[in-house]
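Okay, so here's the structure we're looking at.
The values are calculated or read from the model by the stated rules, or taken from the named source; none is laboratory data. Since the model is a prediction, treat every value here as computed from it, not as a measurement. Note: ideal-geometry Cβ built from the backbone for every residue, glycine included; neighbour counts use all protein chains shown.
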Amino acid sequence: MGVAAQFIIMPLLAFALATLLPISREVALGGILVGCCPGGTASNVMTYLAKGDTALSVAVTTVSTLLAPILTPSLILLLAGKWLSVSAASLFWSIVKVVIAPIILGLLVKLLLKKQVEASVQILPLISVIAIVAIVAAVVGLNKEAIAKSGLTIFLIVVVHNGLGLLLGFWFAKLFRLSEPKQRAVSIEVGMQNSGLGAALATAHFSPLAAVPSTIFSVWHNISGPIIATYFRKKSETQETGDPNIPKRQADFFGISGILAKGHSGICSSPKFRVYDHFSHHNNPWAGNYHLHYIIYHRCFIAPTVLASCS
């Protein structure tokens, strides 16, 4: 279902934006190209941060990436054929070389050189960031005049494309009554694309200008992704604690239950102190065994105090 949403929502959104807005055919093709790409691996991290279903996110990214050599060229040919001539076979082999071959090589290297790979894992994210920055810089350098002329329009298209993808992905999952963690995963999977692949395909097969939407998308979805992940996470924490002012991690840190013990309420007689009473008996196996005060001094310093045991 997540894979279906990935290859239906984003390509159709890109086609609608390219058709309705007065943009050049290269920009239209670039927008459709990034819309037809599989999900980006950054979506897995964002799903984890959003407290979504990370296993589902990884599965959707994996399957959509493996299907990309067939589905991405087919969708580009179907949706963008009226703007430029598209060779589906050439796109197929490019995707195999850019995406599938590195995956196979990576698995082989890990299998054969396991210890060396484990030692170098920590620096690989830095190498990835440097590579992405280099691609972005190269595309921007080649298209600086075009970006100066129509960069704002392309940016707005990318923002709308990404935002609607996140929203429609969430509604799509909600329509099929998936659980909330799965809804978050599908939303982020649909909204975040493998824009690096889009930029590579555009540069190799079309024009440098066609790579600009993918380049801007690469930057923008790494801004919108953390924003939506933070929103989903806070919403989840509020639902778990029942109090929007007390995050779940804070409630967990301070412990077992927050029932105020009789005879100790005088501690909050001073205006400098406030005692927060939090009870989560239905979720907490230790609830009822301890009395805890959460003493908040000027709302800055928080200290839990175990007062008595009633077990």
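The table for this structure:
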quantity: Where a residue in the range 18-33 is of a type in the set (Ser, Thr, Tyr) and its partner, wherever it lies, is surrounded by fewer than 21 Cβ atoms within 10 Å (Cβ to Cβ) and part of a helix (DSSP H, G or I), with Cβ under 9 Å and at least six apart; calculated: 24/146; 24/150
quantity: Listing of helices (runs of 4 or more DSSP H) fully contained in the range 175-246 that carry 1 or more residues being under 30 Å from residue 83 (Cβ atoms), over 11 Å from the mean Cα position of the chain (by Cα) and modelled with pLDDT under 90; calculated: 195-205, 212-241
quantity: Candidates 101, 88, 42, filtered to the one that is touching a Leu at 6+ places or on another chain (Cβ under 6 Å), surrounded by fewer than 24 Cβ atoms within 10 Å (Cβ to Cβ) and among the small types (Gly, Ala, Ser); calculated: 88
quantity: Selection from the range 93-105 of residues that are closer than 13 Å to residue 66 by Cβ and either in contact with a helix residue (DSSP H, G or I) (Cβ under 9 Å, 6 or more places away or on another chain) or of a type in the set (Val, Ile, Thr) (or both); calculated: 95, 96, 99, 100, 103, 104
quantity: Lone qualifier among 50, 59, 16 - being over 21 Å from residue 72 (Cα atoms), small (Gly, Ala, Ser) and modelled with pLDDT of 90 or more; calculated: 50
quantity: Helices (runs of 4 or more DSSP H) contained in the range 71-134 and holding at least 1 residues touching a residue at least 40 places away in the same chain (Cβ under 8 Å) and over 27 Å from the mean Cα position of the chain (by Cα); calculated: 88-95
quantity: Hits in the range 28-63 - residues which are part of a helix (DSSP H, G or I) and touching a Ser or Thr at 6+ places or on another chain (Cβ under 7 Å); calculated: 30, 33, 34, 43, 44, 47, 48, 54, 57, 61
quantity: Subset of the range 1-11 [in contact (Cβ under 8 Å) with a residue 24 or more places away in the chain, in a helix (DSSP H, G or I) and either of a type in the set (A, V, I, L, M, F, W, C) or farther than 20 Å from residue 177 by Cα (or both)]; calculated: 3, 5, 7, 9, 10, 11
quantity: Out of 133, 140, sole residue that is surrounded by 10 or more Cβ atoms within 10 Å (Cβ to Cβ) and touching a helix residue (DSSP H, G or I) at 6+ places or on another chain (Cβ under 8 Å); calculated: 140
quantity: Filtered residue count, the range 227-240, keeping only those that are out of contact with any Ser or Thr (no Cβ under 9 Å at 6 or more places or on another chain), of a type outside the set (Asp, Glu) and crowded, with 16+ Cβ neighbours inside 10 Å; calculated: 2
quantity: Candidate set from the range 152-165 (those that are surrounded by fewer than 23 Cβ atoms within 10 Å (Cβ to Cβ) and touching a residue at least 12 places away in the same chain (Cβ under 8 Å)); member that is farthest from the chain's Cα centre (by Cα); calculated: 153
quantity: Residue within the range 20-29 that is hydroxyl-bearing (Ser, Thr, Tyr) and modelled with pLDDT of 90 or more present; calculated: no
quantity: The one condition in (1) surrounded by fewer than 22 Cβ atoms within 10 Å (Cβ to Cβ); (2) closer than 20 Å to residue 39 by Cβ; (3) of a type outside the set (D, E, K, R) that residue 188 fails to fulfil; calculated: (1)
quantity: Unique residue being closer than 21 Å to residue 153 by Cβ and either surrounded by 22 or more Cβ atoms within 10 Å (Cβ to Cβ) or of a type in the set (Lys, Arg) (or both) when the list is 18, 5; calculated: 18
